[in-house]
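The values are calculated or read from the model by the stated rules, or taken from the named source; none is laboratory data. Remember, it's a predicted structure, so these values are computed and weren't measured experimentally. With ideal geometry, Cβ positions are generated from the backbone for all residues, glycine too; neighbour counts draw on all protein chains shown. Surface accessibility is based on the protein's heavy atoms, side chains included, excluding ligands, DNA and RNA. Shrake-Rupley method; radii C 1.70, N 1.55, O 1.52, S 1.80 Å.
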Amino acid sequence: MDGSGTDNNEDRLSSFPDYEDRLSSLPDSLLDEILLNLSTKNVVRTSVLSRRWGNLWRCVPGLDLSCDDFREYNTFVSFVDRFLGFNSELCIENFKLKQQLDSAHFTRWINDVVKRRVKHLSVISYRWRINEVHIPSTVYTCESLVTLELRYVILPDPKSVFLPCLKDISLVRVKFANDLAFERLISGSPLLDRFISSDDQCMWQCKVFTLRYLKLSDYDTTCVPCFIVKDLGSLVKVDMDIVFKLGYGRSFDPNDLPKINMIRDFFKGISTAKDMVISSRTLEVIYESYLRCQPLPLFLNLSSMRVTDYKWQMLPAFLESFPNLKSLVVKSSGDVEKKEGISTLSGRPCFLSSLEYVEIERSLAGLVTYFLENSTLCLDDSRKEGEPVILKRPLIPLQDSLPREIDSVLG
């Protein structure tokens, strides 16, 4: 990856009469900040620009590298070793590796960057292969760490966790040594602001006073997921695609009190959120299973919602729990016409007096009619063919124009 031809490139650029290398006139510290936002592969490429840029890449306080950037794995290992050896006292801002890692080299590198006060650590392994990647326990006590992104790795059972600066955690298919390891990771991160999980773990316990963004998905329905969230009073946005092991045709037992209580406590725990994104899988579980036993807790703070890939007949019963909802965006999939005839609306209509804006990706007559009849919204007549249907609160009192508005949508 080392650059060459520096002199030729420099001479070629300087031959232009109006050429002025303003970028190279910047101080090294500012250039390092600029290069820190590029992948290491592209940073090394800048070494051909001029003599000054020749070795500048060695001083960038970050590494963002994939083994796919190299033809041979040994070359990749050698490059990382050389980079970390150039300035052994240099603090590392970012350290991001994407590859099927060898645990021996990886452990040595992680321990090195932890000592050098890494702030942003990302380890992306290529799914579960022959070599399982184990994160060294030193990560649990990296006091400088601000963001942590892990994919297809294993986290050990920590003796202690102290991550006083950690604000952002993203976990994809991460295995923990035991159920307590995750709880200790969360409890040891007192400033946690953002948490994303897409995992197969069977027990999630989350008690974070500072959490503002929560994203959960559970694509593996073979385990018995248990989501326990408490004390999320600062939660602003929740994004969920979870089924509580009730998807793909699995039946719900209305007498299963532990499961009912677990789902109730989960929604109660996130009920302070102001913004929600919910998938059709989650909406279907709520509608077909949980709502048959008891209503959802009220989400009094929630003002914005986005429903993705939906069966629209489930929405009215679901929306009863959001009395202060102002904005609703309803996205659809390609087979939405087939879904429209699944069932009819059940239960009494819920008048949605708080709604100010509704966007429906496809023109579904039944759903549009429902909002026109059960809210103060009217159609935005500026809509063009192929664009989403927009319903807004009128500037003047709504007149008896409902049949005409419906006809304009169906026409």
How are the alpha carbon pair distances in region 263-307 distributed across 5 Å bins from zero to the largest one, expressed in percent? 5, 20, 28, 33, 12, 1
Of 134, 105, which has the most accessible area and how do the rest follow, probe 1.4 Å? 134, 105
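Filter 119/259; 259/392; 259/331; 119/237; 98/259 down to the pairs with a C-alpha to C-alpha distance above 32 Å, please. Don't skip to the answer; put the middle values down first.
Working: 119/259 39 Å; 259/392 39 Å; 259/331 29 Å; 119/237 24 Å; 98/259 38 Å.
Over 32 Å apart, Cα to Cα: 119/259; 259/392; 98/259.
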Of 141, 156, 126, whose Cα points farthest to the positive end of the dipole of region 98-198 (charges on the beta-carbon: +1 Lys, Arg; -1 Asp, Glu; origin at the Cα centre)? 126
Can you work out the Karplus-derived ³J(HN,Hα) for every residue in region 237-242? Use 6.51 cos²θ - 1.76 cosθ + 1.60 with θ = phi - 60°, whole Hz, and x for glycine or proline. 9, 10, 10, 9, 9, 10
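What ranking of 132, 72, 93 comes out by heavy-atom accessible area, probe 1.4 Å, highest first?
Ranking 132, 72, 93 by accessible area, largest first, yields 72, 132, 93.
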Reported to the nearest 10 Å², residue 64 has, with a 1.4 Å probe, an accessible area equal to 50
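Please work out how much length the chain gains when fully extended from residue 115 to residue 42, using 0.36 nm per residue of separation minus the C-alpha to C-alpha distance, in nm with one decimal. Don't jump to the answer; show the numbers that get you there.
Working: separation 73, 0.36 × 73 = 26.28 nm, distance 2.62 nm.
Answer, rounded to one decimal: 23.7 nm.
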On the full set of protein chains, 1.4 Å probe, figure out the accessible area of residue 303 and give it in Å² to the nearest 10. 40
Accessible area of residue 135 in the full protein assembly, 1.4 Å probe (Å², nearest 10): 10
